[in-house]
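J.: I have a structure here, written as structure tokens, and I will follow up with some questions on it.
The values are calculated or read from the model by the stated rules, or taken from the named source; none is laboratory data. Source: prediction; values computed, not measured. Reconstructed Cβ throughout: ideal geometry from the backbone, glycine too, with neighbour counts over all protein chains shown.
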Amino acid sequence: MSEKIIAGNWKMNKNRNEALDLVSSVLQDLPDTSTKVIFAPPYLYLEEVARMCADFSNVKVAAQNCSHFDKGAYTGEISAQMIASVNADMVIIGHSERREYFGEEELILSEKVNKALKYNLQPIYCVGESLDQRKAEEHFDIIENQIAKALFHLDEENMKKVVIAYEPVWAIGTGETATPEQAQKIHAFIRKLLTDQYGEEIAKSISILYGGSCKPANAQGLFAQQDIDGGLIGGASLVAEDFVKLIEMRS
Ligand code: 13P
């Protein structure tokens, strides 16, 4: 069975004090739950956040990106090995903001996935179509392409470690959410792609998260869908009360 997950992608927000305050507040009010809770703070705070979360077995820490290189003369880059060495557990790969503003494409993203797995980091691989692509009814093809090119070289053991997040670009930070039915359609499609490639057992074990303006006011309908295992939350993960509420709703 796939795990239930609520992950908070903070993006480039919060100074150090604000970051630590947010984590303390969430941990203080953490519901008693087996739902996996993930904090994805900026790199700088990973080590400290991981230390704060160490006693909570269901709370994990993720980086928001990693280099596709192993190590060496790549000024400004952070490697998967470095991330693992400060006790982070996971890494977000292929977020649409990385694709759009930093030109990351599937070839590089598949390398990032490999690097993450090499150093025992669980990848959270993001996919999603733009508004133009949806209007042109290309969304299924886009998503199939994003998944097949960056993930389908993996063997079964590695594929089982991957979490997939469907984040329609038109719903990120816009206040506009996919309807539960729209999201479920894509999640079921992703599950089918996984089933065709890896078989039903593995497909059912992989968590598929929804992301894009997901907040307490609209999460209930989304989380009720059969193939939506949880959320990758942006804005609402920056407010302790909202993030805790979302964890409660997914528990
Ligand atoms: P918002 O929840 O702010 O729309 O962001 C979603 C997202 O991009 C999470 O990775």
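J.: Among the residues of the range 206-229, write down those that are over 12 Å from E167 (Cβ atoms) and in contact with a Leu (Cβ under 9 Å, 6 or more places away or on another chain).
T.: Those that are over 12 Å from E167 (Cβ atoms) and in contact with a Leu (Cβ under 9 Å, 6 or more places away or on another chain): I206, K215, P216, A219, F223, I228, D229.
J.: Give just the number: which of (1) farther than 17 Å from P42 by Cβ; (2) surrounded by fewer than 16 Cβ atoms within 10 Å (Cβ to Cβ); (3) among the acidic types (D, E) does E77 not satisfy?
T.: (1)
J.: Could I ask something else about it? Answer yes if at least one residue in the range 9-26 is under 17 Å from the mean Cα position of the chain (by Cα), within 15 Å of the ligand (Cβ to nearest atom) and among the charged types (D, E, K, R), and no otherwise.
T.: yes
To keep it simple, each residue is scored yes or no on (1) farther than 21 Å from L109 by Cβ; (2) surrounded by fewer than 16 Cβ atoms within 10 Å (Cβ to Cβ); (3) modelled with pLDDT of 95 or more.
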site: K160; (1), (2), (3): no, yes, yes
site: T174; (1), (2), (3): yes, yes, no
site: K192; (1), (2), (3): yes, yes, yes
site: E201; (1), (2), (3): yes, yes, yes
site: K215; (1), (2), (3): yes, no, yes
site: L222; (1), (2), (3): yes, no, yes
site: Q226; (1), (2), (3): yes, yes, yes
site: G231; (1), (2), (3): yes, no, yes
site: A240; (1), (2), (3): yes, no, yes
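J.: Could you figure out which of (1) within 11 Å of the ligand (Cβ to nearest atom); (2) on the phi > 0 side of the Ramachandran plot isn't true of G199?
T.: (1)
J.: Turning to a different aspect of this structure: Pull up the range 12-67, narrow it to residues that are buried (at least 19 other Cβ atoms within 10 Å of the Cβ) and charged (D, E, K, R), then point me to the one that is nearest to I83 (Cα to Cα).
T.: It comes out as K60.
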